[in-house]
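Chemist: Below you will find the structure I want to go over with you.
All of the numbers you see were taken from the coordinates with simple rules; none came from a lab. Quick caveat: nothing in here was measured; it's all calculated off a predicted structure. Cβ sites come from the backbone with ideal geometry, for glycine too, and all protein chains shown count toward neighbours.
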Amino acid sequence: MAEATLVGLLPLKITGRHYGHNIGRCDILFRTLELQKGFDLIDELVIVVPDDELAVIRDIARRWERYPIRLVPELPEVPQFAAFTKPHQVRPWQRQQILKLQLASSLGRPFVLVLDPDVIALRPLSRDQLLPGGRALLEPEPQSAHEQWWKASAELLQVPGEVDGPGISVTPAIVASDVCTMVQRRLEEVHRRSWVEVLLTAGTEWTEYTLYFLTLSHLMAVGDYHTWPSEQAGAARLHSSNTIWARKDLEGRDRANLVAQDDNGLFTVVQHVDLTPQEIVAAIPWLDLEIPRTLSSVPGARDSSSSTARVAAGPPAICGGCVRHAEGNSTAGSPSDDASRGLVSVARRERRPQGVLRSSVRRGGGLHAAPTPIPNVPQAAELLAPEELHHLR
């Protein structure tokens, strides 16, 4: 089999009460990919962004110019989104799942490494680990772990919906372009309309990865595109056993060393629990990255601190926003707690976001102003109140 080529895919949203820390988290992701040689393995990293955030993210992306990054707006890829503009019609995470299926099938590469801002590369990466024998490594997870996801997706695809068999986990993941195309084709064959509209109007708990693996296992052949991790000692896994999915996963953990490299996982996830990007950096002893605590250029916002997690060489970063997470474990912090962290959202109630956080950041030993705000930045009175800051995946 010819050597498979690999492209990275990252859906990114930075404004709104759920996504304010994503820039700081991207800085962590990109720096760890760099340290672990991940950028040596991908032809490019495609970042798909909301159209109304494109100009802002393009400004931010200047600080990532040494990485092979390409920005792509959402609407040209999925024009059906234009007909679903109300918050109750499509939630951000549903948009991102649809975007993953669409982009993975249209980027022109056999395999796509799907990432989120909360992913961290833990160990040195190689093509033999990610694509052994030209087939993509899977991360197993029993279907019974999330029965409702698998049943909802099986119903949409009209395939058997037993949940006692093997399944796969979530991002980070490597998907095959051919399989994503088959998911789309199957949904349109069954429902006789656009696959995007099928998913947007389903009203069920389908997910991109359950749709993917059910299509692969029932309508195609797993072995043609993927391989399961070896049972041999020391064999690579996509996911670390140290992954933090929810607040309960923090219980009993040493917050001074949350992201340990003591297993065979290539990546870990520190989802949006009560940890700022600065705290995540401080918990990774081998990561040389500075993330300033400042929101000084948002009108009406007050700097909570000018301290940094660590002063060292590495890509500059900004953060801001919220760190309240979901999966049934989310609780909103008190106004005083959020104010002490300098957390603020630039999303206005029932309106499109029109501003962006800005900060002074280190780059090449100097200070540069990170992105200039776009017109009509909301004033302080228009910002969401601190008690409204929380995160839902």
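Chemist: How about Lys86: which lysines have a C-alpha closer than 26 Å to its C-alpha, ignoring those fewer than 8 places off in the same chain?
Modeler: Lys13, Lys100
Chemist: With a ≥ b ≥ c the root eigenvalues of the C-alpha gyration tensor of segment 30-80, is it rounded (a/c under 1.5), prolate (a/b larger than b/c) or oblate?
Modeler: Oblate, because a/c is 1.5 or more while a/b does not exceed b/c.
Chemist: Would you kindly state how much longer the chain becomes between Val190 and Leu250 on full extension, computed as 0.36 nm times their sequence separation minus their alpha carbon distance, in nm to one decimal?
Modeler: Details: separation 60, 0.36 × 60 = 21.60 nm, distance 4.27 nm.
Once the chain is fully extended between Val190 and Leu250, it gains 17.3 nm.
Chemist: Let me ask something additional. With each label point set 7 Å from Cα along the Cα-Cβ vector, what nm distance links Arg70 and Ser106?
Modeler: Label-label distance for Arg70 and Ser106, simple model: 1.3 nm.
Chemist: Run the quick spin-label model on Leu54 and Asn257: label points 7 Å from Cα toward the beta carbon, then report their separation in nm to one decimal.
Modeler: Label-label distance for Leu54 and Asn257, simple model: 4.7 nm.
Chemist: At a 10 angstrom cut-off on C-beta neighbours, averaged per residue, how do the peptides 274-285, 213-224, 86-97 rank from highest to lowest? Show your work: numbers first, answer last.
Modeler: Values: 274-285: 21.3, 213-224: 16.7, 86-97: 14.6.
In descending order of packing, they fall as 274-285, 213-224, 86-97.
Chemist: Step by step: find N for segment 7-227, compute 2.2 N^0.38 Å, then divide the Cα radius of gyration by it. What's the final number? Could you put the intermediate results ahead of the total?
Modeler: Numbers: Rg = 17.1 Å, N = 221, 2.2 N^0.38 = 17.1 Å.
Here the Cα radius of gyration is 1.00 times the empirical estimate.
Chemist: Which stretch or stretches of segment 105-125 have amide N atoms under 16 Å from the point lying 7 Å from Ala202's Cα along the Cα→Cβ direction?
Modeler: none
Chemist: Could you give the length gained by full extension between Thr5 and Ser126, i.e. 0.36 nm per residue of separation minus their alpha carbon distance, to one decimal place? Intermediate results must be reported in sequence, preceding the final value.
Modeler: On the way: separation 121, 0.36 × 121 = 43.56 nm, distance 1.26 nm.
Taking Thr5 through Ser126 to full extension adds about 42.3 nm, to one decimal.
Chemist: Determine the sum of side-chain charges near Thr171: Lys and Arg each +1, Asp and Glu each -1, restricted to other residues whose C-beta is under 10 angstrom from that of Thr171. All intermediate terms of the calculation are to be shown ahead of the outcome.
Modeler: On the way: positive: Lys100; negative: Asp116, Asp118, Glu139, Glu208.
Summing Lys/Arg as +1 and Asp/Glu as -1 gives -3.
Chemist: Ser126: net charge of surrounding residues, Cβ under 11 Å, Lys/Arg +1, Asp/Glu -1, itself excluded? The partial results should precede the final answer.
Modeler: Working: positive: Lys37, Arg123, Arg127; negative: Asp40, Asp128.
Once all neighbours under 11 Å are counted, the net charge is +1.
Chemist: When the chain is fully extended, how far beyond the present Cα-Cα distance does Lys86 get from Thr181, taking 0.36 nm per residue of separation?
Modeler: Result: 31.5 nm gained on full extension.
Chemist: Magnitude of the Cβ-charge dipole of segment 7-227, K/R +1 and D/E -1, about the Cα centre, nearest 20 debye? Write out the running numbers ahead of the final one.
Modeler: Numbers: 23 positive and 28 negative charges, 93 e Å.
Roughly 440 debye for segment 7-227.
Chemist: To the nearest 20 Debye, how big is the dipole of segment 113-175 about its Cα centre, given +1 on the beta carbon of each Lys and Arg and -1 on that of each Asp and Glu? Present the calculation step by step, with values, prior to reporting the outcome.
Modeler: Details: 4 positive and 9 negative charges, 67 e Å.
In debye, rounded to 20, segment 113-175 gives about 320.
Chemist: What distance in nm separates the two pseudo spin-label positions at His218 and Asp164, each 7 Å out from Cα along the beta-carbon direction?
Modeler: That separation, rounded to one decimal, is 1.7 nm.
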